[in-house]
Amino acid sequence: MVHRRLGARGLRVSPVGFGAFKIGRNVGVKYPNDYELPDAQSVQRLLEGVLDLGINLIDTAPAYGLSEERLGRALAPRRGEFVLSTKVGEVFEEGRSTYDYSAAAIRASVKRSLRRLRTDVIDILFIHSDGRDLEILDQTDAVETLLALRESGEARFVGLSGKTIEGARAALPWADVLMVEYHREDRSHEGVIAEAAEAGVGIVVKKPLASGHLPAEEALRFVLANEAVGSAVIGSLNLAHLRDSVAIAARR
């Protein structure tokens, strides 16, 4: 795959990224079909296959159950081959999410993530919004703490995985990367995606298939036709489906 520029600071990513939600969590999900969590050997084969396909962006989060730990165990020997993104602010335990955007909670979260992921640095660190984007940005320690973590070298790039247009726009002055939902059934972020491109802020698209409700061929062609999009993150436990997504990206 030909990599795309993600923002103005030299980061380049595959147009298809891998979303690591399904390797760690299968409760409280929005996918149309239930699924079993894969065993450790299946996770190892899947993740090795992801890198072998040329996918170099892997996205996870503490809220994704076992995902960070499984990623670290499987891919630590190949850490130099991929761009790793994770998040702060949300934890999923005992079947429910809790949110904490204080400096202490964010720093503790990053410390846990570095240990679980078996790495010294997080390439992209996102605020994991619960939907209160502007309140989180304006009334908590989140932005200041992420910028300090970037300054100290624990994160290379920082940004917001938000839910509102207003939040994405408010993050443009400080963020290196934004993660936004964008697909042909929801084009509400299209304007702010263009603004991000003008500002040199990278765009990672989450849920490009609308959580599995849209056919991959049409959905990926739509998302990747937008030149401001750096990567569209696909969550799948099926390596053949990921291979098809990579082929779609290569054809456009």
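The values are calculated or read from the model by the stated rules, or taken from the named source; none is laboratory data. Values in this document were obtained by computation on a predicted structure and should not be read as measured data. A quick note on method: Cβ atoms are made from the backbone with ideal geometry, for glycine too, and the neighbour counts reach across all protein chains shown. To get the accessible areas, we keep the full protein, side chains included, count just its heavy atoms, and leave off ligands, DNA and RNA. Shrake-Rupley method; radii C 1.70, N 1.55, O 1.52, S 1.80 Å.
For residue 226 and residue 37 in the same chain, what is the full-extension length gain: residue separation times 0.36 nm, less their Cα-Cα distance, in nm?
The span from residue 226 to residue 37 would gain 64.7 nm if fully extended.
Using just the helices of the chain, give the 222 nm mean residue ellipticity in deg cm²/dmol: DSSP H runs with n ≥ 4 each add -39,500 (n - 2.57), and the total is spread over all residues, rounded to 500.
Calculated mean residue ellipticity at 222 nm is -11000 deg cm²/dmol.
Using +1 at the C-beta of Lys and Arg and -1 at the C-beta of Asp and Glu, which of 18, 102, 158 has the Cα lying farthest in the positive direction of the dipole of the chain?
Ranked along the dipole, the leading option is 18.
Using unit Cβ charges (K, R positive; D, E negative) and no other charged atoms, how large, in debye to the nearest 20, is the dipole of region 160-252 about its Cα centre?
Once rounded to the nearest 20, the dipole reads 260 debye.
Where both partners of a DSSP beta bridge lie in the chain, what percent of those bridges are antiparallel, to the nearest 5?
20 percent
Assign unit charges at the C-beta atoms only (+1 for Lys and Arg, -1 for Asp and Glu), then state the dipole size of the chain relative to its Cα centre in Debye, rounded to the nearest 20.
That gives a dipole near 740 debye.
How about region 1-108: which trypsin sites (Lys or Arg not before Pro) there lie in a loop by DSSP and see at most 15 other Cβ atoms within 10 Å?
Here the trypsin sites (Lys or Arg not before Pro) that fit, given the DSSP loop and packing criteria, are 9, 30.
Could you tell me the relative contact order of region 100-161? Use alpha-carbon pairs under 8 Å, at least six residues apart, and round to a whole percent.
Normalised by residue count, the contact order of region 100-161 is 45 percent.
If you keep only loop residues by DSSP, which GluC sites (Glu not before Pro) in region 201-244 have at most 15 other Cβ atoms within 10 Å of their Cβ?
Here the sparse-neighbourhood loop sites are 227.
How much length is gained on full extension from residue 174 to residue 73, taking 0.36 nm per residue of separation minus their Cα-Cα distance?
Contour length minus the Cα-Cα distance gives 33.1 nm.
Given a 1.4 angstrom probe, I'd like the percentage of the accessible area of the chain that is carbon and sulfur, rounded to a whole number.
Of the solvent-accessible surface of the chain, carbon and sulfur hold 47 percent.
Around residue 197, under 12 Å between beta carbons, what's the net of Lys plus Arg minus Asp minus Glu among the other residues?
Local net charge: -2.
Which percent, to the nearest 5, of DSSP beta bridges fully inside region 19-153 are antiparallel?
35 percent
Taking region 63-106 as the region of interest, what is the percent of Cα-Cα pairs per 10 angstrom bin, listed from the shortest bin to the one with the maximum distance?
P(r) for region 63-106, in whole percents per bin: 23, 43, 29, 5.
Under 8 Å for C-alpha pairs, at least 6 residues apart: give me the relative contact order for region 43-180, rounded to a whole percent.
Relative contact order of region 43-180: 20 percent.
Return the tail of the calculated pair distribution for region 51-133, meaning the percent of Cα-Cα pairs more than 18 Å apart.
40 percent
Over the residues of region 126-233, compute the C-alpha Rg and express it relative to 2.2 N^0.38 Å.
Normalised by 2.2 N^0.38 Å, the Cα Rg of region 126-233 equals 1.07.
Suppose R0 equals 25 Å. What FRET efficiency, 1/(1 + (r/R0)^6) with r the Cβ-Cβ distance, do residue 166 and residue 186 give to the nearest 0.05?
Rounded to the nearest 0.05, the efficiency is 0.95.
Take the chain, connect every pair of alpha-carbon atoms lying under 10 Å apart with a spring to form a Gaussian network, then pick out the residue of 27, 177, 201 with the largest mean-square fluctuation.
Judging by the Gaussian network model, the answer is 27.
Using only Cα positions of region 60-217, each an equal point scatterer, no hydration layer, compute I(q)/I(0) via Debye at q = 0.09, 0.13, 0.15, 0.19 Å⁻¹ and quote the log10 values to two decimals.
-0.28, -0.60, -0.81, -1.26
Over the Cα atoms of region 1-122, what radius of gyration and what Dmax do you get, in Å?
14.7, 41
So how far, in whole Å, is the C-alpha centre of region 1-46 from the one of region 102-125?
19 Å
Could you give the length gained on full extension between residue 51 and residue 120, defined as 0.36 nm per residue of separation minus the Cα-Cα distance, in nm?
22.9 nm
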